[in-house]
Amino acid sequence: MIIKEKTMNGLPVLSLSGKLDIFSRNAFKETAEKYTEMGAKGLILDFQGITSVDSVGLGVLAVVARTFQKLKGRIILVNPQDQVKSLFFEMNLEKMIPMYKTDEQFSQFSEL
């Protein structure tokens, strides 16, 4: 998995591509935790480039989401591909991690 970090409109954004799985979980978790340590109250995960997520990937997403919730923050997922979106709905993860479509500047969010 490739992780690109940027800030848009004052919000940290992780643009991810590849697979979120057992092999990439540590890199993702460490990158996300860096923002909780910095005091960020939210994190945008751009999933446009994510092609698949396995059970370990889902688990690490849930752990990161709970970490942000404990800090009175949250993570959101934007631009998921259809197979990832379907998986989130099947696992009821959209209640914990909301999913949105967004424009390129992350200034407009619309629910899926």
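The values are calculated or read from the model by the stated rules, or taken from the named source; none is laboratory data. Model, not experiment: these values are computed from the prediction. Note that we place each Cβ from the backbone using ideal geometry, even for glycine, and neighbour counts take in every protein chain shown.
Miscellaneous remarks
- Annotation: of all residues in the range 34-50 being within 14 Å of K72 (Cα to Cα) and in contact with a Pro (Cβ under 7 Å, 6 or more places away or on another chain), the one that is surrounded by the fewest Cβ atoms within 10 Å (Cβ to Cβ) is A40.
- Pairing each residue of the range 83-94 that is on the phi < 0 side of the Ramachandran plot and among the hydroxyl-bearing types (S, T, Y) with any residue that is surrounded by fewer than 16 Cβ atoms within 10 Å (Cβ to Cβ) and in a helix (DSSP H, G or I), provided the two are 6+ apart or on different chains, yields no C-beta distance under 7 Å.
- Search result, residues across the range 92-112 that are surrounded by 15 or more Cβ atoms within 10 Å (Cβ to Cβ), in a loop (DSSP other than H, G, I, E, B) and modelled with pLDDT of 85 or more: M96, I97, P98
- Pairs with Cβ under 7 Å, 6+ apart, first in the range 15-43 and free of Cβ contacts under 8 Å to residues at least 60 places away in the same chain, second assigned to a strand (DSSP E or B) and among the aromatic types (F, W, Y): L16/F47
- Candidates in the range 3-31 are the residues that are β-branched (V, I, T) and more than 13 Å from the chain's Cα centre (by Cα); of these, the one that is surrounded by the fewest Cβ atoms within 10 Å (Cβ to Cβ) is T7.
- 3 or more residues more than 15 Å from P98 (Cα to Cα), in contact with a Ser or Thr (Cβ under 7 Å, 6 or more places away or on another chain) and modelled with pLDDT of 90 or more: qualifying strands (runs of 3 or more DSSP E) within the range 1-84: 2-8, 11-20
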